[in-house]
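Report on the structure given below.
The values are calculated or read from the model by the stated rules, or taken from the named source; none is laboratory data. Keep in mind that what you see is a predicted model, and the values were worked out from it rather than measured. Positions of Cβ are backbone-derived with ideal geometry, glycine not excepted, and every protein chain shown enters the neighbour counts.
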Amino acid sequence: MMRNRFLIVIAVVLASSCAQVLTPDGGIKDLLPPRVISYNPDSAATNFKSKSIVLLFNEYIQLKDLQNQLIVSPPLNKDPDVTIKKKELFIENIDSLLGNTTYTISFGNAIRDITENNVLDNFRYTFSTGPIIDSLQLSGKIINASTLIGEKGILVMLYAENFDSVPLKKRPYYFTKTKEDGSYLLTNLKAGIYKVFALEDKNSNYLFDNPDERIAFSNTPLSLLTNKDSFNLILFREGPKKQKLIKASQIASGRFCFSYALPLKNPQLIFRPEPSSSSKVIHELSVTGDSIDFWFAEINFDSLTFFIRDDATQVNDSVTMQLVKVGSKNSRTRAGAEDPRRLALKANIQAGQKLDLTKNLVYTCNNPLKNMFPKNIFLLQGKDTLTAAISLSENKRILSIKNNFEEDSVYTLFMAPGALTDWFGQKNDTVKLVFTIQQERYYGALKIKLTNIPTSPYILQLVTEKDQVIRELKTTERGFEKMDLLPPGQYRLKLIADENKNGKWDTGNYLKNQQPEKIIYYENPIKMRSGWDLDIEWIFK
């Protein structure tokens, strides 16, 4: 009886082990990707007429992220159905094939084994509906116009048609996606002349129909007669083409903001109902000119209609808003917004910090100032009261305190209550800030010799590794530039070819066949140390 029970237990264990696919314990770890051992029809088949393909692998497989990884080039009207069963991969419902055409079905990184998740990288199946397999190749990189770094996941597309609007209206004849480093490879191409276009396809329809999609293009058609490599394109986002109101909002009670696609030139403002003479209104145009803020000192309406007109940019908008009352639960309509009925001041340094030797002490106010009493603002060096130059910016929100600040000195800024009065009649509380000045030996200097400099006007920038501009020079052709009093740190040098002489970098425009203005980076990082005078020569090829 005991013997029979023992045999039953063994049988159950054996049966359960046969029902599972398990990774063997111990031994050498499998590091190899799955491998195809048979194709039906054969890979690189010609005169292809089948509606399905079956691939047999040497091990059990799985598919990951197939929707983004699968690419059929040239594209079909409908992607085929792809399924797996154990070690077999089925590609079915292959339809609408063109005659005498070479097709490539690319799986990217979708195919993996089950046990160790090893990836069969960039696997492709190729066939031709004609008597030959096309064999030409095109390769290169898609590069960010600003950073000059390769961009991944960008569609690179070839069109047999050469009219300008084809990327806006038709799916491409050939296409692929860029890898992590921005590189791409188009294979099995037919000899011919092609329009080349790259697209950040945000809505996955293979068309340039979204203004937020970045693009890259070749100014001239590509004549592909032999394999071509290093065919690089510059990726950029076009600027807005038409002026329009993007957003109108009440930031908080008494303050409103209107954002536009393009800068306003000379906005004219009308309000209905018309505020009384006692209700003071002030407006401020942003530095870039594409947004405008309003402050109302006193307003008693439940709603207000804004009429904004700007003939130069063809703006003629009217917006009606329900007004937020002071003290209501909705008085803050944006998370973190300051209550406009309370004057808030923010200095460009905190207590105990060192003020940059190149800067003034600056306070930014959340509301425009109506009155300022300089006699109630005191600057002390130690115990000595100084005469400081105090100025208010044009927008009445930036207070600058200028002095010939000296090293190794302790300064105190004292602002008596009521020294400032904002647009709502609110006054400041006592302000006291103790600070010192950064010593000159803390800084370094950079002298740049420019050899074979481009003849067009250019802008020279010193930027951080995150592309924040530290210094900017609108340069001449004298061949050298100098930047003094630079804080220690790691920087990059950036040159912008200012072709239209407007003092800024400009993006491109596809339909105008206009590339973005060229940017060049100095090949090595600039490491600035305290007390250093660094000389470099930048030789342009």
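Of the strands (runs of 3 or more DSSP E) lying entirely inside the range 422-541, those containing at least 1 residues that are among the aromatic types (Phe, Trp, Tyr) are 431-437, 458-464, 480-486, 489-497, 519-521, 533-539.
Quick check, is Ser291 surrounded by fewer than 18 Cβ atoms within 10 Å (Cβ to Cβ), at pLDDT 85 or above, within 22 Å of Glu394 (Cβ to Cβ) and of a type outside the set (A, V, I, L, M, F, W, C)? Yes. Of all residues in the range 347-391, those satisfying the criterion of being under 13 Å from Ser409 (Cα atoms), loosely packed, with under 15 Cβ neighbours inside 10 Å and touching a residue at least 40 places away in the same chain (Cβ under 8 Å) are Gly352, Gln353, Lys354. In the set Asp164, Asp181, only one residue is among the charged types (D, E, K, R), in the same structural domain as Leu222 (by TED's automatic domain parsing) and either in contact with a strand residue (DSSP E or B) (Cβ under 6 Å, 6 or more places away or on another chain) or at positive phi (or both); that residue is Asp181.
Of the residues making up the range 473-522, just one is on the phi > 0 side of the Ramachandran plot and touching a helix residue (DSSP H, G or I) at 6+ places or on another chain (Cβ under 8 Å), namely Leu485.
Taken together, the residues in the range 168-196 that are among the polar types (S, T, N, Q) and within 21 Å of Leu97 (Cα to Cα) amount to 3. Report whether or not Asp42 is at pLDDT below 90, acidic (Asp, Glu), out of contact with any Gly (no Cβ under 9 Å at 6 or more places or on another chain) and assigned to a loop (DSSP other than H, G, I, E, B). So Asp42 does not fit the description; no. The listed residues are Glu213, Glu161, Glu238, and the only one of them that is surrounded by fewer than 16 Cβ atoms within 10 Å (Cβ to Cβ) and part of a loop (DSSP other than H, G, I, E, B) turns out to be Glu161. If you scan the range 260-276, which residues turn out to be surrounded by 14 or more Cβ atoms within 10 Å (Cβ to Cβ) and closer than 14 Å to Asp290 by Cβ? Selection gives Tyr260, Ala261, Leu262, Pro263, Leu264, Pro267.
The strands (runs of 3 or more DSSP E) found wholly in the range 69-133 and carrying at least 3 residues that are touching a residue at least 60 places away in the same chain (Cβ under 8 Å) occupy 102-106, 111-113, 124-128. Listed conditions (1) within 25 Å of Arg529 (Cα to Cα); (2) without any contact (Cβ under 8 Å) to a residue 60 or more places away in the chain are all met by Pro487, apart from (2).
Does Phe256 satisfy the condition of being in contact with a strand residue (DSSP E or B) (Cβ under 9 Å, 6 or more places away or on another chain), in the same structural domain as Asp311 (by TED's automatic domain parsing) and not small (Gly, Ala, Ser)? In short, yes.
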